[in-house]
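Notes for the one structure printed next.
The values are calculated or read from the model by the stated rules, or taken from the named source; none is laboratory data. If you're wondering where the values come from, they're calculated on a predicted model, not measured in any experiment. So basically every Cβ, Gly included, is an ideal-geometry build from the backbone, and we count neighbours across all protein chains shown.
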Amino acid sequence: MKLFVTFVLIMTVGFILVAGCVSMTNKNTVNATTAAGFTPFYNTSDPGLNKTINATANSTSELKGSLRVSISGISYPANLSVVLDNETVGTVIPTKPLYLMISEGNHTVTVCVSSICEQETVTTRFGSYVTVDFSERLLRDVKFPDPNARPTARIREYYRNGDAVSVYVEFINPESVDHMISVDLSVGYTYIDGRSRVKLGDSAQSKTALLVKAGQKETRRVDMNLANGDSLISFGNPVIEDLKVK
């Protein structure tokens, strides 16, 4: 009988020990799983780790704002390059503005016609819309919109002045150096001959020259005397017969 009781005690203790081992094993398994899912804390004072963190933070796309550049008030044909912070970013024409998305901050916008450049400083913000129109400044400052223009002269107006025809000649020098511009003028007219009372025709000529500074315009009046102006009937449009540039 005692032998049987002893055997039962030994078996009971054995089962308890086995149960304890199983319980410990399961506890260790749970702890391992939890550790694997835990995000470790990094020491941000480590330079190597800071580089990684900074790179991740800087990978976010920078904010941008909207910019509209126009020359809508220009009356002459123009296809102008738009320069943003010393870099060409597109072109603008009178009938079509240029739309840009650029990073937040201060920027310099420039457009040029020949040697004349107009510039504007703008500040862009995310969600805001900035507009720059250069029309008024270009019309005010650009005397020669055609970059291929050459020195020339033209007749602006004329009228009868007693026995003469007064002609206003405009001399134009769009180049970067001074030029002497000379013109030969002519005007045809009709008159009544004093003896025969017959209607006759004749013409008058005149020459003039003017030194025109670089990038300037000058206007001079030329009086063309008519030999038979006292019996003048009518006169035609004065014309430039010849033009020379030196």
Please enumerate the residues belonging to the stretch 218-246 that are exposed (fewer than 15 other Cβ atoms within 10 Å of the Cβ) and more than 14 Å from L185 (Cα to Cα). T219, A227, D230, I233, S234, K246
I'm trying to understand the selection: among the residues of the stretch 138-169, which are crowded, with 17+ Cβ neighbours inside 10 Å, among the aliphatic types (A, V, I, L, M) and over 25 Å from N237 (Cβ atoms)? L138, V142
Scan (1) surrounded by 14 or more Cβ atoms within 10 Å (Cβ to Cβ); (2) at pLDDT below 90; (3) hydroxyl-bearing (S, T, Y) for the single condition S176 breaks and write down its number. (1)
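Could you pull out the residue among E136, E175, E104 that is in contact with a strand residue (DSSP E or B) (Cβ under 6 Å, 6 or more places away or on another chain) and among the charged types (D, E, K, R)? So that I can check it myself, show each step before the final result.
Values: E136 fails: in contact with a strand residue (DSSP E or B) (Cβ under 6 Å, 6 or more places away or on another chain); E175 fails: in contact with a strand residue (DSSP E or B) (Cβ under 6 Å, 6 or more places away or on another chain).
Going through E136, E175, E104 in turn, just one is in contact with a strand residue (DSSP E or B) (Cβ under 6 Å, 6 or more places away or on another chain) and among the charged types (D, E, K, R): E104.
Go through the residues of the stretch 107-126 one by one and say whether even a single one is assigned by TED's automatic domain parsing to the domain that holds N225, of a type outside the set (S, T, Y), exposed (fewer than 13 other Cβ atoms within 10 Å of the Cβ) and not in a strand (DSSP E or B). Write out each step before concluding.
Pass one, the stretch 107-126, residues assigned by TED's automatic domain parsing to the domain that holds N225: none.
The answer is no; no qualifying residue exists.
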Only residues in the stretch 69-82 that are on the phi < 0 side of the Ramachandran plot count as the first member; pair them with residues that are acidic (D, E) and in a loop (DSSP other than H, G, I, E, B), Cβ under 9 angstrom, at least 6 apart or cross-chain, and list the lot. Y76/D146; P77/D146
I'd like to check something: does the stretch 84-92 contain any residue that is over 30 Å from R221 (Cα atoms), out of contact with any Asp or Glu (no Cβ under 7 Å at 6 or more places or on another chain) and in a loop (DSSP other than H, G, I, E, B)? yes
Please verify whether V212 is of a type in the set (V, I, T), at pLDDT 90 or above and closer than 30 Å to T110 by Cβ, treating the condition exactly as stated. yes
Can you find, within the stretch 78-106, the residue that is surrounded by the most Cβ atoms within 10 Å (Cβ to Cβ) among those that are closer than 13 Å to R68 by Cβ and of a type outside the set (A, V, I, L, M, F, W, C)? P97
